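See below for the structure under consideration.
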């Protein structure tokens, strides 16, 4: 973390059931960690031409603003029902919800966004907000997909580990989540014979399959080194698979309460916003997904 204060959980609302599910999750996180809950409702007139006749005529702007205030008032009441002692701040923002959430993330501990789509084509219909904030957020972003209004409250926190620097950030965030939630952390490292770190060594051709597996266990051990000392309350389960990481993480999402991944993996090129694994998870995971992006200097 940088020297900036990160003392809030930020969530966007627009009156939908999916937004209510995200709000519930954000309020629970804020209450659990004694953080402020910032609820944002964005009035985005850009698609209609801001300042145009559809906005200016007949008090349309005032009507939309009042509707937004009503949404925020209901959201604040909803959050206080979860914890009456919760510090809540509400804001009406003019412009893109995606942009406002990204800007707010610079001072936040977490941003929570809702997403209602599922399936292989989900990234096309998830809405620009979930994908945009996960791609550009300045703090870890939790994407909550609507599962009939239910978000898993049991099961472990699962983190995908690939040995990269960004993966190390995800591991740290996952330990923090598991500690606050009081649950087990499953550290999952998935490798294939074509993508093994061992093949970066010119002597790889001489390595036996058992040596490759030992190499990948070492990747996981090195990635977890030091974290158990910092979070002694967190029980860690280590899993190493020769498989596809997306499939394994999706399988684990069915029994987890949160999956944590870096925004891009070891194979992602510099400048890539979201890798294939994080894209797949925010589209199809059965539990909330936390996407961790590179820290900015």
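The values are calculated or read from the model by the stated rules, or taken from the named source; none is laboratory data. Owing to the predicted nature of the structure, the values given are computational and were not obtained by experimental measurement. Every residue, glycine among them, receives a Cβ derived from its backbone with ideal geometry; neighbour counts consider all protein chains shown.
Data for the structure
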item: Candidates 202, 232 - the one that is in the same structural domain as residue 277 (by TED's automatic domain parsing), modelled with pLDDT of 95 or more and loosely packed, with under 15 Cβ neighbours inside 10 Å; result: 232
item: Lone unmet requirement of (1) crowded, with 21+ Cβ neighbours inside 10 Å; (2) farther than 20 Å from residue 235 by Cα; (3) not assigned by TED's automatic domain parsing to the domain that holds residue 22 for residue 177; result: (2)
item: Tally, over the range 121-154, of residues that are at pLDDT below 80 and crowded, with 23+ Cβ neighbours inside 10 Å; result: 1
item: Any hit, the range 87-106, residues being on the phi > 0 side of the Ramachandran plot, in a helix (DSSP H, G or I) and modelled with pLDDT under 95; result: no
item: Residue 190 crowded, with 19+ Cβ neighbours inside 10 Å, at pLDDT below 90 and within 24 Å of residue 134 (Cβ to Cβ); result: yes
item: Any hit, the range 43-56, residues being in a helix (DSSP H, G or I), crowded, with 20+ Cβ neighbours inside 10 Å and at pLDDT below 95; result: no
